[in-house]
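**Q** Following this message is one structure expressed as structure tokens.
The values are calculated or read from the model by the stated rules, or taken from the named source; none is laboratory data. All values derive from a computational prediction rather than experimental measurement. Cβ: placed from backbone, ideal geometry, glycine included. Neighbour counts: every protein chain shown.
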Amino acid sequence: MSTATVRPRSAKQKKLVWNILRFLLLLVIVVPMVFPLLWMITSALKSNSSVLAIPPEWIPREFHWENFSVGLSAIDFLPRFFNSLFITVMCIIGQVISCTLVGYGLARIRFPLRKFWFYFFVGGMMLPGMVGLIPVYRVWAGMGALNTYWPLIVPSFLGSPFYTFLIRQFFMGVPRSFDEAAKIDGAGHLRILFQVLVPVIKPAIVTIVIMQFQATWNEYLSPLLYLIDSDKWTLSLAVASYSSLYAVEWNKFMAADLIYMLPSLIIFFVCQKYFMQGLGSLTNTGIK
């Protein structure tokens with residue numbers, strides 16, 4: 001047998017071994033991450049006594065589907081769901097509009113101290129949110145905005161340093177010939193932004209939508225600080241209060257929590273393609 005026929009086989013074998021090792025490594029990483037979700041699903045279908053049974057039962061002997069209806073009614077699901085949905089949609093709109101405008105200005109408009117303002121925005125990512133928690137609370141309290149949705153919505157219209165940086169990186173990868181061609185046709189900055197550049201940076205915008213949806217949907221501290229009346233609570237507060245209002249029926253708690261996290265999972269899997277493209281812009285700003 002010639003060496004020419006041996007080398008391709010050995011190369012294929014090495015590739016097969018490498019793929020097997022990579023699959024096993026990914027499996028070792030994925031299993032601990034998926035384990036809590038599987039345990040939540042099985043617990044939501046068990047009786048409360050079976051949840052804490054030793055040894056644990058992975059497959060319930062009896063499926064208690066009523067846990068979902070009881071758990072959702074206990075947290076008054078529909079009103080809290082629409083409260084969370086309203087706040088989340090408004091925050092997404094605010095972040096997309098504000099960060100797109102600021103990112104466009106930093107990337108495409110020449111003005112004095114442009115680099116300074118860019119570094120200023122990037123430096124804002126280094127400040128933890130807890131730093132301004134008390135001063136911001138006192139400002140909203142002085143304005144009489146407590147127990148309203150304004151403190152939860154208005155900050156999103158002021159932009160986010162990370163989202164602005166993400167949008168700016170995408171704009172920097174778009175050739176300036178797009179702008180020049182639009183200016184020849186008489187387009188201004190707003191028309192160039194929304195009609196020419198926004199369709200090009202769609203992956204970045206979808207990334208902001210996904211990340212802001214998850215951040216706002218899962219936000220607990222801000223609603224806890226500003227919302228007093230229970231009829232204005234978000235789902236995060238309602239689910240968290242379930243364990244304190246009731247004698248911790250873990251099966252019903254897991255059922256309610258599972259429904260609570262479904263929207264985030266659906267949004268991510270539907271927009272996963274654009275999400276990965278958006279994150280890829282942090283390391284590669286070029287556009288093919």
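**Q** Go through region 134-149 and count every residue that is surrounded by 13 or more Cβ atoms within 10 Å (Cβ to Cβ) and in contact (Cβ under 8 Å) with a residue 24 or more places away in the chain.
**A** So the count comes out to 6.
**Q** For the subset of region 150-193 comprising residues that are under 17 Å from Val209 (Cα atoms) and of a type in the set (Phe, Trp, Tyr), which member is surrounded by the most Cβ atoms within 10 Å (Cβ to Cβ)?
**A** This residue is Phe170.
**Q** Still on this model: Which of the numbered conditions does Thr148 fail, given that it passes all the others? Conditions: (1) closer than 16 Å to Glu219 by Cβ; (2) assigned to a helix (DSSP H, G or I).
**A** (2)
**Q** For the condition closer than 30 Å to Val131 by Cβ, at pLDDT below 90 and not charged (D, E, K, R), what is the one hit in Phe213, Phe268, Phe253? I'd like the intermediate steps shown before the answer.
**A** Numbers: Phe213 fails: at pLDDT below 90; Phe253 fails: closer than 30 Å to Val131 by Cβ.
Every option except Phe268 fails the conditions.
**Q** For residues that are touching a Gly at 6+ places or on another chain (Cβ under 9 Å), closer than 23 Å to Ile93 by Cα and outside any helix (DSSP H, G or I), tally how many sit in region 159-194.
**A** Qualifying residue count, region 159-194: 2.
Per-residue answers, yes or no, for (1) closer than 27 Å to Trp250 by Cβ; (2) β-branched (Val, Ile, Thr); (3) modelled with pLDDT of 85 or more; (4) loosely packed, with under 10 Cβ neighbours inside 10 Å:
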| site | (1), (2), (3), (4) |
| --- | --- |
| Asn19 | no, no, yes, no |
| Arg22 | no, no, yes, no |
| Asn48 | yes, no, no, no |
| Val51 | yes, yes, no, no |
| Ile54 | yes, yes, no, yes |
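**Q** Exactly one condition in (1) over 18 Å from Leu224 (Cβ atoms); (2) out of contact with any Phe, Trp or Tyr (no Cβ under 9 Å at 6 or more places or on another chain) is false for Thr164; which is it?
**A** (2)
**Q** Considering only residues of region 55-108 that are in contact (Cβ under 8 Å) with a residue 40 or more places away in the chain and not in a helix (DSSP H, G or I), which is farthest from Ser160 (Cα to Cα)?
**A** Checked region 55-108; the qualifying residue farthest from Ser160 (Cα to Cα) is His64.
**Q** While we're here: Of the conditions (1) modelled with pLDDT under 90; (2) in contact with a helix residue (DSSP H, G or I) (Cβ under 6 Å, 6 or more places away or on another chain); (3) closer than 26 Å to Asn147 by Cβ, Leu245 fails just one. Which one is it?
**A** The number of the failed condition is (2).
**Q** For residues in region 216-248 being in contact (Cβ under 8 Å) with a residue 40 or more places away in the chain and closer than 20 Å to Leu37 by Cβ, which is surrounded by the fewest Cβ atoms within 10 Å (Cβ to Cβ)?
**A** Residue satisfying both the conditions and the ranking: Asn218.
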